[in-house]
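Right, one structure below, let's go through it.
The values are calculated or read from the model by the stated rules, or taken from the named source; none is laboratory data. A quick note: this is a predicted structure, and the numbers were derived from the prediction, not measured. With ligands, DNA and RNA removed, areas are computed over all heavy atoms of the protein, side chains included. Shrake-Rupley method; radii C 1.70, N 1.55, O 1.52, S 1.80 Å.
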Amino acid sequence: KEQKLRRGTQEKQFIYLHLQGPHAPYVMNERAEPVPSEKSGSTIQTKGSFHIVYEYLDQLKRLGLYKNSTTVITGDHGSRRDDISPLESAIVTGLFVKPAGRAGEPLAFNSAPVSSDNLRPFIYEQAGLPYASLGKTYFEVPQNAENARYLYHRLKKTDKNPSRLLIYEIKGDANRFENWTLIEDRVIEY
């Protein structure tokens, strides 16, 4: 906020920002200001992270760069009960994608079965690079596609169980846990 975004000397740039979001330690309020951990929490810190995102997008707009920027906002994983138990329900994360050249349009919702595997071809496509060998972009996956996606859920060692990696295959709507199949339960040796 203090330094502000500014136009760079290069015409195109790829910038990757990772925000702490709902992960501990919780040390930020909803205005993205530092606070003691007892004055924050998962929801408050998530709101603070979105405050940073909104500020970033507003600065892009003030510089006249927003419309021609490609923006992808997503989580690195969905919320789960814990790291010691197999999943009992679906865990998904949000995804917001704004291609370059688009702005000022109503938000469109799409339930295509995409995953982080679609990020790289999308970025290549947006940069004007060949991408066909990398797979489909977010916008090339049909909403009714049955393509498989995979979630890797690591379980921590407990007194009763060793460390494990559970691999789930997801076909169809990832919000429906009946579309998830545990295909591998691998013990992790350290």
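In terms of overall dimensions, the C-alpha atoms belonging to the stretch 1-48 reach 43, 20, 13 Å along their principal axes, ordered largest to smallest. Is the stretch 29-133 best put as rounded, prolate or oblate by its Cα gyration tensor, with a ≥ b ≥ c the root eigenvalues, rounded for a/c under 1.5, and otherwise prolate when a/b is larger than b/c, oblate when not? Because a/c hits 1.5 or more and a/b fails to exceed b/c, the stretch 29-133 counts as oblate.
Can you bin the stretch 116-190 into rounded, prolate or oblate? Criterion: square roots of the alpha carbon gyration tensor eigenvalues sorted a ≥ b ≥ c, rounded for a/c under 1.5, prolate for a/b above b/c, oblate for the rest. Oblate, since a/c reaches 1.5 and b/c is not below a/b. Only protein heavy atoms count here; under a 1.4 Å probe, Lys1 has an accessible surface of about 150 Å².
Sequentially through the stretch 170-184, phi angles give Karplus couplings (6.51, -1.76, 1.60; θ = phi - 60°) of 10, 10, x, 5, 5, 6, 9, 5, 5, 8, 9, 10, 6, 9, 7 Hz, Gly and Pro residues having no value and appearing as x. For the stretch 1-71, the solvent-accessible area works out to 79 Å² per residue, with a probe of 1.4 Å and every protein chain left in place.
Rolling a 1.4 Å probe across all protein chains gives Glu33 an accessible area of roughly 80 Å². Quick one: accessible surface of Ser116, probe radius 1.4 Å, all protein chains present, in square angstrom to the nearest 10. Using a 1.4 Å probe on the heavy atoms, I get roughly 90 Å². Stretching the chain fully between Ile84 and Phe14 yields a gain of 21.6 nm (0.36 nm per residue, less the alpha carbon separation). For the chain, what does the alpha-carbon gyration tensor say about shape, rounded, prolate or oblate, given a ≥ b ≥ c as the root eigenvalues, a/c under 1.5 as rounded, and a/b over b/c as prolate? In terms of gyration-tensor shape, oblate. Segment Arg6..His77, full-extension length gain: 22.5 nm, with 0.36 nm per residue of separation and the alpha-carbon distance subtracted. In the Gaussian network model of the chain, springs joining C-alpha atoms below 10 Å, which of Ala90, Ala174, Ala108 carries the largest mean-square fluctuation? Result: Ala108 has the largest fluctuation of those listed. The length gained by stretching the chain between Ser37 and Asn161 to full extension, at 0.36 nm per residue less their Cα-Cα distance, is 41.5 nm. Per residue of the chain, what 222 nm ellipticity follows from adding -39500 (n - 2.57) for every DSSP H run with n ≥ 4, rounded to the nearest 500? One gets -5000 deg cm²/dmol as the mean residue ellipticity at 222 nm. Comparing mean-square fluctuations of Glu30, Glu88, Glu125 from a GNM of the chain with C-alpha springs under 10 Å, the top value falls on Glu88.
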